[in-house]
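Every number here is computed from the coordinates shown, using simple stated rules; none is lab data. Everything numeric in this text was worked out from a predicted model, so none of it was measured. Quick reminder, even Gly has a Cβ in these numbers, built from the backbone with ideal geometry, and neighbours come from all protein chains shown.
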Ligand code: AP5
Ligand code: MG
């Protein structure tokens, strides 16, 4: 099963993608996580990506597309995957569609996690992320067992550099301009499913499972 998660920054794409990946035993592929791992390891890609990410802008398609196509070509993606944060522009969606077409394949579901802008900024300031394993927490809604420490791998949790309120506003603007058009793109492909992302995360997950089957 090949699934795309759509939604504004902070809508809960990562939170839901992790649970989907576990339930269906498919990899969770997040371009944001890949970039953050590269930044943490000080790679050339990380240096280039950080500039854009800290400004709340998109990393250019040239850098992003190759990374994603390389990742989904790996063996563990043979039986499907859940993409989180990709595609984010129409050109990215077209590249993915063409690459899948060549394999006689296609995306099965594009799950749109719908959360109004008003809810987003509040969520982001409470988010804490593990840069080692990609786990995400929220200081009020989904706290870790021990404050500041990742339940999964024991690493220190941080507030992401791009979760400052002014950067979040920028990310929302970029989302509406460049990513929201994908809702029409996948509606036309008849694979778009929208869930109400303002519900409790377990309810959102139940709604998604009902769709995926
Ligand atoms: P990326 O890492 O993808 O960030 P994003 O899309 O801005 O999304 P987030 O990770 O911030 O939010 P999310 O929807 O995953 O929400 P989460 O589950 O964490 O990208 C970062 C940057 O990298 C981009 O800005 C760009 O620069 C670059 N980039 C990445 N991919 C790219 C691409 N393809 N092309 C170009 N550039 C790219 O949840 C948010 C918070 O809410 C958490 O604290 C969570 O615990 C909490 N929460 C989740 N669900 C609920 C709920 N139901 N109720 C209450 N709280 C909840
Ligand atoms: Mg995320």
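Structure notes:
- Enumeration of residues in the range 145-201 that are in contact (Cβ under 8 Å) with a residue 60 or more places away in the chain, under 22 Å from residue 212 (Cβ atoms) and not in a loop (DSSP other than H, G, I, E, B): 179, 182, 183, 185, 186, 192, 193, 194, 195, 196, 201
- All conditions in (1) more than 9 Å from ligand 1 (Cβ to nearest atom); (2) surrounded by 14 or more Cβ atoms within 10 Å (Cβ to Cβ) hold for residue 86, with the sole exception of (1).
- Within the range 203-213, being exposed (fewer than 15 other Cβ atoms within 10 Å of the Cβ) and out of contact with any helix residue (DSSP H, G or I) (no Cβ under 9 Å at 6 or more places or on another chain) holds for 203, 206, 210, 211, 213.
- Residues that are more than 6 Å from ligand 1 (Cβ to nearest atom) and crowded, with 16+ Cβ neighbours inside 10 Å were ranked within the range 134-146; the one that is farthest from residue 33 (Cα to Cα) is 144.
- Cross-chain or 6+ apart pairs with Cβ under 7 Å, the range 115-135 first and on the phi > 0 side of the Ramachandran plot, then part of a helix (DSSP H, G or I): 134/33
- Some residue of the range 187-196 being surrounded by 16 or more Cβ atoms within 10 Å (Cβ to Cβ) and within 9 Å of ligand 1 (Cβ to nearest atom): no
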